[in-house]
Amino acid sequence: MAIGLRIKMTGGTQEQYDALHSHMGVDNEPPEGLIFHAAGPIDEGWGIIDFWESRELFDRFQQSRLMPALGELGASGPQGPPDVKEFPVHHINKP
């Protein structure tokens, strides 16, 4: 079942997001199972909305690409764990 993820990176910045996103090469090599990804500034820092084919595919991406990239970026990456809320997706419309 598809899932949605609302991710808040408190204190996160566009520069941190851009560095992480570029480091992972997501635009040129999208991860298996990613349906939709959007990111932008929020009051608390930086926000992300993702839709994935399943939680398992997101977890695989997190372990194989996201966490290693965060480790490699070190202090220039986001600080602290993000606030993540998962919700089941009832309907997706891709025009």
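No value in this document is a laboratory result; all are computed from the given coordinates. This one's a predicted model, so the numbers in the text were calculated from it and none came from an experiment. Because the Cβ atoms are built from the backbone with ideal geometry, glycine has one as well, and the counts that use them run over all protein chains shown.
About the Cα centre of segment 8-95, how large is the charge dipole given +1 on each Lys and Arg Cβ and -1 on each Asp and Glu Cβ? Please answer in debye to the nearest 20.
Charge dipole, segment 8-95, about its Cα centre: 140 debye, nearest 20.
Run the simple label-point estimate for residue 38 and residue 85 please: 7 Å along Cα→C-beta, distance reported in nm.
Computed distance between label sites residue 38 and residue 85 equals 1.6 nm.
Along the charge dipole of the chain, pointing to its positive end and built from +1/-1 on Cβ of Lys, Arg, Asp and Glu, which listed residue (1, 63, 36) has its Cα farthest out?
1
Match the structure shown to one of the listed values [x] 7.8; [y] 5.4; [z] 6.3 of mean projected area of the Cα convex hull in nm², computed from it, and give that label.
[z]
Please turn the phi angles of segment 84-95 into ³J(HN,Hα) values with the Karplus equation 6.51 cos²θ - 1.76 cosθ + 1.60 (θ = phi - 60°), one per residue in order, whole Hz, x for glycine and proline.
Whole-Hz 3J(HN,Hα) from phi for segment 84-95: 10, 10, 9, 9, x, 9, 8, 8, 10, 10, 10, x.
How much length, in nm to one decimal, is gained on full extension between residue 59 and residue 1, taken as 0.36 nm per residue of separation minus their Cα-Cα distance?
19.5 nm
Considering the options 91, 79, 48, tell which one lies farthest towards the positive end of the dipole of the chain, charges being +1 on Lys and Arg and -1 on Asp and Glu at the Cβ, about the Cα centre.
Sorting the options by dipole projection puts first 91.
For residue 49 and residue 72, calculate 0.36 nm times their separation in residues minus their Cα-Cα distance, and state this gained length in nm to one decimal.
Stretched fully, the residue 49-residue 72 segment lengthens by 5.9 nm.
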